[in-house]
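The values are calculated or read from the model by the stated rules, or taken from the named source; none is laboratory data. Owing to the predicted nature of the structure, the values given are computational and were not obtained by experimental measurement. Cβ coordinates were reconstructed from backbone atoms using ideal geometry, including for glycine residues, and neighbour counts include every protein chain displayed. Only protein heavy atoms, including side chains, enter the accessible area calculation; ligands, DNA and RNA are left aside. Shrake-Rupley method; radii C 1.70, N 1.55, O 1.52, S 1.80 Å.
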Amino acid sequence: MTRFKGHNIKAPIFGISRLRMGTDGCGITTLVTFMGCPLKCKYCLNRKCHEPIYEKDGKTLRNGIMMLTPKELYDLVRIDNLYFQSTGGGICFGGGEPTLYEDFIIEFKKLCGDRWKITLETCLRCLDDTIKHLSSVADLWIVDIKSMNPNIYKEYTGRDSEILQQLKTISTLVH
């Protein structure tokens, strides 16, 4: 992600799935999927998130990937404002791993305000500070724990487990 404050933030998005109900939080939601994930799960459901963002020239976005600002994304999804407001729904950020795009999500929340719910579907493989920052804008966390057994977690994801620490952090922040 390009990490600049304000309107210059951009994030690589490979999917916007509209009018979802009962899978990504309350009400009608739109799932926005980011590129990138710190885990390499053996049975990854979104392998595209691990693919390169750019063609070999390093400038051309690969087919199906959009590099958007929070405002550009807002302009694309606001078509469903009526559905979000009448059902208590909103945007579910997934991926890949949405916590990689903390600044983008915070800026996006400023655009939609409290009218839409923000859900994060995450492996929660991130810094405690990221959880703290995102807790101010997230209405719901959907955490894919993988396994509480550290050996199984490492075998499945290729990384040592830090999930217990992240769950403790989130539990102190979510009301």
Exercise for the section: Being in a helix (DSSP H, G or I) and farther than 21 Å from Gly94 by Cβ is the filter; apply it to segment 141-161 and report the residue that is nearest to the chain's Cα centre (by Cα). Expected result: Lys154
Problem - Scan of segment 38-61 for residues that are open to solvent by 30 Å² or more (accessible area, probe 1.4 Å), modelled with pLDDT of 95 or more and touching an Asp or Glu at 6+ places or on another chain (Cβ under 9 Å), ordered by number - result: Pro38, Leu61
Problem - Selection within segment 120-175 - of a type in the set (A, V, I, L, M) and at positive phi - result: Leu124
Fill in the blank from the handout: Scanning segment 108-128 residue by residue, those without any contact (Cβ under 8 Å) to a residue 40 or more places away in the chain, outside any loop (DSSP other than H, G, I, E, B) and of a type in the set (A, V, I, L, M, F, W, C) turn out to be Phe108, Cys112, Ile118, Leu120
Exercise for the section: Could you identify the single residue in Ile105, Ile79, Ile91, Ile131 that is under 21 Å from Gly15 (Cβ atoms), out of contact with any Gly (no Cβ under 8 Å at 6 or more places or on another chain), part of a helix (DSSP H, G or I) and open to solvent by less than 10 Å² (accessible area, probe 1.4 Å)? Expected result: Ile105
Practice task
Output yes when any residue across segment 33-41 is in contact (Cβ under 8 Å) with a residue 60 or more places away in the chain and not in a loop (DSSP other than H, G, I, E, B), and no when none is.
Solution key: yes
Exercise for the section: Identify, from the list Thr33, Thr29, the residue that is surrounded by 14 or more Cβ atoms within 10 Å (Cβ to Cβ), closer than 26 Å to Asp160 by Cα, modelled with pLDDT of 95 or more and among the β-branched types (Val, Ile, Thr). Expected result: Thr33
Exercise for the section: Go through (1) in contact with a helix residue (DSSP H, G or I) (Cβ under 8 Å, 6 or more places away or on another chain); (2) within 18 Å of Val137 (Cβ to Cβ) and name the single condition Asp24 misses. Expected result: (1)
Problem - Any chance Leu45 is under 15 Å from the mean Cα position of the chain (by Cα) and closer than 22 Å to Leu134 by Cα - result: no
Practice task
Kindly indicate whether any position in segment 61-69 is within 15 Å of Ile13 (Cβ to Cβ) and small (Gly, Ala, Ser).
Solution key: yes
Practice task
Within segment 62-76, work out how many residues are without any contact (Cβ under 8 Å) to a residue 60 or more places away in the chain and either out of contact with any strand residue (DSSP E or B) (no Cβ under 6 Å at 6 or more places or on another chain) or buried (at least 16 other Cβ atoms within 10 Å of the Cβ) (or both).
Solution key: 8
Practice task
Return yes when Thr172 is assigned to a helix (DSSP H, G or I), open to solvent by 80 Å² or more (accessible area, probe 1.4 Å), of a type in the set (S, T, N, Q) and over 21 Å from Met21 (Cα atoms) and no when it is not.
Solution key: yes
Practice task
Report whether or not Lys146 is open to solvent by 80 Å² or more (accessible area, probe 1.4 Å), under 26 Å from Arg20 (Cα atoms) and either touching a residue at least 12 places away in the same chain (Cβ under 8 Å) or in contact with a helix residue (DSSP H, G or I) (Cβ under 7 Å, 6 or more places away or on another chain) (or both).
Solution key: no
